[in-house]
Amino acid sequence: MLNSNALRKLDMQDLMVFSAVYEQGSVTGVSEALCVSQSTVSYCLKKLRACFDDELFINSRTGMRPTYKAEGMYEHVRAILQRINQCHAGSPTFDPRRQAITFNICAPEYFEQLILPRLLRGFNHAELPVMVNVRKLEADIPVEALRNGSLDLVVCFGPNFHSNHADLKSRPLLDDDLVCVVDKRAARPELPLSLETFLQRRHVFPTPWASSSNMIDGWLAMQAQQHQIAARANSYGAALKMIAGTDFILTLPRRIQQLLANDAGFHHHDAPEGLPGFTLDMQWSLAVDQDSANIWLREQVIEACLGH
């Protein structure tokens, strides 16, 4: 809000005339610099004097001398003109080569195993001073951290694993499905793997994000079923070690299985029919949707996912 109705009568040209007269001390010089007539400069000064109830500039032998009030106004008027120019220009385009930057991402182990290495290789190849801090994903999206800017991006699973928020934007990154992994030394289950066999065998439960349940639990609960848990692991790698030498089943995302368990030590089988796949999504705050640094980060993540 403006303190006086008289301020509403001012426009950008008035402020430009004030700043130019202050700096040059000459109506003629201001007229030439702003490409306006001297009468226009005089009219602007008249409006300014009436609005601020002060002479502002006094004619002297050395030119237009600012009054005490004009002295106090100058820095504020100059700042207003600078802000207007910034609004017109928009935010500066982010350039990661100019200075070091740290991005904070909340993500499950899936992202750390599959996407983050490729992302970091790209930064390293381009010699970009970019650092990535990863916080482990929990059961709920850290909405407040996205809103207050302490997190730049959240990578999570979908669809419909988490609540929707009107001030968050979301984009799927890739699709995946689940496969069952067993130790080759164990008795191979029948193929295709039936739900009955799946429920009879004991399972290692990986928790690549902090949650007491996972995709399989939800699917089984819909069928009034549950599987037998032999152990819970904090990571995919630890879970793979736990099934070695046993007949336990470990259910992994197919892309993770191809990355970590595609060797001579393991068999993998399609999961029981009906077990749904999932998407890897990213979410960010609407407040940074047009922020050039956040846009750049999202573009890099999308590009890293294209290789999978």
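Any residue at all in the range 292-307 that's surrounded by 17 or more Cβ atoms within 10 Å (Cβ to Cβ), in contact with a strand residue (DSSP E or B) (Cβ under 9 Å, 6 or more places away or on another chain) and within 30 Å of Arg202 (Cβ to Cβ)? No; the residues of the range 292-307 include none that is surrounded by 17 or more Cβ atoms within 10 Å (Cβ to Cβ), in contact with a strand residue (DSSP E or B) (Cβ under 9 Å, 6 or more places away or on another chain) and within 30 Å of Arg202 (Cβ to Cβ).
Can you say whether Asp152 is outside the structural domain of Ala287 (by TED's automatic domain parsing), crowded, with 16+ Cβ neighbours inside 10 Å and either among the acidic types (Asp, Glu) or under 27 Å from Ala100 (Cα atoms) (or both), as far as the supplied structure shows?
no
Take the conditions (1) crowded, with 17+ Cβ neighbours inside 10 Å; (2) of a type in the set (Asp, Glu); (3) out of contact with any strand residue (DSSP E or B) (no Cβ under 9 Å at 6 or more places or on another chain); Asp281 misses just one of them, which is (3). Residues in the range 54-64: is at least one farther than 23 Å from Ile84 by Cα, in the same structural domain as Arg78 (by TED's automatic domain parsing), among the acidic types (Asp, Glu) and not in a helix (DSSP H, G or I)? Looking for residues that are farther than 23 Å from Ile84 by Cα, in the same structural domain as Arg78 (by TED's automatic domain parsing), among the acidic types (Asp, Glu) and not in a helix (DSSP H, G or I), one finds at least one in the range 54-64, hence yes. Would you be able to say whether some residue in the range 6-18 is assigned by TED's automatic domain parsing to the domain that holds His76, under 18 Å from Gln82 (Cα atoms), of a type outside the set (Ser, Thr, Tyr) and without any contact (Cβ under 8 Å) to a residue 24 or more places away in the chain? Yes: the range 6-18 contains one or more residues that are assigned by TED's automatic domain parsing to the domain that holds His76, under 18 Å from Gln82 (Cα atoms), of a type outside the set (Ser, Thr, Tyr) and without any contact (Cβ under 8 Å) to a residue 24 or more places away in the chain. Taken residue by residue, the range 38-52 has no member that is under 20 Å from Glu75 (Cα atoms), in a loop (DSSP other than H, G, I, E, B), in the same structural domain as Tyr74 (by TED's automatic domain parsing) and without any contact (Cβ under 8 Å) to a residue 40 or more places away in the chain.
Tell me yes or no: at least one residue of the range 37-52 is surrounded by 14 or more Cβ atoms within 10 Å (Cβ to Cβ) and of a type in the set (Val, Ile, Thr). Checked against the condition, which is being surrounded by 14 or more Cβ atoms within 10 Å (Cβ to Cβ) and of a type in the set (Val, Ile, Thr), the range 37-52 yields at least one hit. The range 215-308 holds helices (runs of 4 or more DSSP H) entirely within its bounds, and those carrying 1 or more residues that are among the aromatic types (Phe, Trp, Tyr) map to 215-222, 236-243, 292-305.
Checking Glu196 against (1) modelled with pLDDT of 75 or more; (2) closer than 23 Å to Gln113 by Cβ; (3) among the charged types (D, E, K, R): exactly one of these is not met. Which one? Unmet condition: (2). Go through the range 107-133 and give me each residue that's surrounded by 14 or more Cβ atoms within 10 Å (Cβ to Cβ) and closer than 19 Å to Asp176 by Cβ. The answer is Ala107, Pro108, Glu109, Tyr110, Phe111, Glu112, Gln113, Leu114, Ile115, Leu116, Arg118, Leu119.
Yes/no per residue for (1) assigned by TED's automatic domain parsing to the domain that holds Phe52; (2) free of Cβ contacts under 8 Å to residues at least 60 places away in the same chain; (3) of a type in the set (S, T, N, Q); (4) assigned to a helix (DSSP H, G or I):
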{"residue": "Glu71", "(1), (2), (3), (4)": "yes, yes, no, yes"}
{"residue": "Glu75", "(1), (2), (3), (4)": "yes, yes, no, yes"}
{"residue": "Arg78", "(1), (2), (3), (4)": "yes, yes, no, yes"}
{"residue": "Ile84", "(1), (2), (3), (4)": "yes, no, no, yes"}
{"residue": "Asp95", "(1), (2), (3), (4)": "no, yes, no, no"}
{"residue": "Pro117", "(1), (2), (3), (4)": "no, yes, no, yes"}
{"residue": "Arg121", "(1), (2), (3), (4)": "no, yes, no, yes"}
{"residue": "Leu128", "(1), (2), (3), (4)": "no, yes, no, no"}
{"residue": "Arg135", "(1), (2), (3), (4)": "no, yes, no, no"}
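Do we have Val77 as in contact with a Cys (Cβ under 9 Å, 6 or more places away or on another chain), among the β-branched types (Val, Ile, Thr) and more than 30 Å from Ala293 (Cβ to Cβ) here? No: the conditions fail for Val77. Is it the case that the range 59-70 has a residue that's at pLDDT 90 or above, farther than 30 Å from Gly237 by Cα and among the β-branched types (Val, Ile, Thr)? Checked against the condition, which is being at pLDDT 90 or above, farther than 30 Å from Gly237 by Cα and among the β-branched types (Val, Ile, Thr), the range 59-70 yields at least one hit.
The values are calculated or read from the model by the stated rules, or taken from the named source; none is laboratory data. Model, not experiment: these values are computed from the prediction. Cβ: placed from backbone, ideal geometry, glycine included. Neighbour counts: every protein chain shown.
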